[in-house]
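Heads up: the structure comes next, in structure tokens.
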Amino acid sequence: MENQRRDLARNRRDLAITLIITGGFCIVELVGGVLTNSLALLSDAGHMFADVAALGVSLFALYLSQRPPTASKTFGYHRVEILAAFVNGLGLWLIVGLIFHEAYRRLLDPPAVRSGGMIVIAVVGLAVNIASLWVLHGSHDESLNVRAAFVHVLGDALGSVGAVTAGVIMYTTGWYPADPMVSVAIGLLILYSSWGIVREAVDILMQGTPRELVLGDVERSLLEIGGVSEVHDLHVWTLTSGRYLLSAHLVIAGERQARTILDTAQVRLRDQFGISHATLQLDPEDACAEEFRIH
């Protein structure tokens, strides 16, 4: 529990620092995109603006997730973090749609771009994004919410790389279609990087079995406990990042071993699979046989 509190405090700190960095440069890139008439810069600025909103949502979600359980929300507000990750992922897809629309329009009639200024702003933006990625790198594996924010910033970094590339091409060749074409490439990379976030968030919200666990392995481990003859109604799902829940019925040979079987099962689930919250019902074999005859 102490480690979880420490991780959450670090996550909040990292998100807050990244929010300040990203918010400050978003304004610079937006003004630069308008002055240079660069879609690559404007699309990256739009992505950065969405990042500011996404980082704010992520930070607020972490705050809400620490609220204690209530009579109406007995598991507390942990799922807010997953909802925030889901919304952030969908927000990325919306941005990509806008980028594709504007890129199509510009490919039909490529406007002139002030590529020199564009390169300077994009290089500074890349440095800012690298700094933000460095801040988030230490905690992005601990939380799906923070990972979604990390992907947002990574998309920004890719956008900056693309803007630099487009700027260099236009500066050296004068070929202005490079600007919208690079923007499309950036959009495709953002879609690819955000797909995993949305998919995992949907899995969690649908109470699917965590991808890092194999349900058959959990069942076999429980069956290896002395006195357990059958496992049924086994369910494993994720409450929030890194917190797994389990419920199952264990058919046991005799009630005298019930306490030992229950303790052994709880220890196995915690040590082998990281499941610290398990609800287990122990069913005596004779009771199950009687139920079978009745039906």
Most fluctuating residue given options LEU215, LEU144, LEU30, as computed from a GNM of the chain linking Cα atoms under 10 Å: LEU215
Relative to the chain, whose Cα atoms define the longest principal axis, helix 144-173 and its Cα axis are tilted in degrees, nearest 10, by 20
Given contacts defined as C-alpha pairs under 8 Å and at least six residues apart, what's the relative contact order of the chain, whole-number percent? 18
Select from GLU200, GLU285, GLU102 the residue whose mean-square fluctuation is largest in a Gaussian network model of the chain (Cα-Cα springs shorter than 10 Å). GLU285
Mean separation of Cα pairs under 8 Å and 6+ residues apart, divided by the residue count of segment 215-294: what relative contact order is that in percent? 30
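Of the DSSP beta bridges with both residues in the chain, give the percent that are antiparallel, rounding to the nearest 5.
Taking every DSSP beta bridge with both residues in the chain, the antiparallel ones total about 55 percent.
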Among (i) 120; (ii) 278; (iii) 155, the value of volume of the Cα convex hull per residue in Å³ computed for this structure carries the label (iii)
GNM on the chain, Cα springs under 10 Å; top mean-square fluctuation among ILE21, ILE261, ILE82 goes to ILE261
So what's the angle, to the nearest 10 degrees on a 0 to 90 scale, between helix 115-137 and the longest Cα principal axis of the chain? 20
Over the chain, the sum of -39500 (n - 2.57) across DSSP H runs of at least four, divided by residue number and rounded to 500 deg cm²/dmol, gives at 222 nm -25000 deg cm²/dmol
Any idea what angle helix 285-294 forms with the longest principal axis of the chain, computed on alpha-carbon atoms, 0 to 90 degrees, nearest 10? 90
Go through segment 92-100 residue by residue and turn each phi into a ³J(HN,Hα) via Karplus (6.51, -1.76, 1.60, θ = phi - 60°); whole Hz please, and just put x for glycine and proline. 4, 5, 5, 4, 4, x, 5, 4, 4
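Every read-out reported here was derived from the displayed coordinates using simple, explicitly stated rules and does not represent laboratory data. Predicted model, so just to flag it, every value in this text is computed and none were measured.
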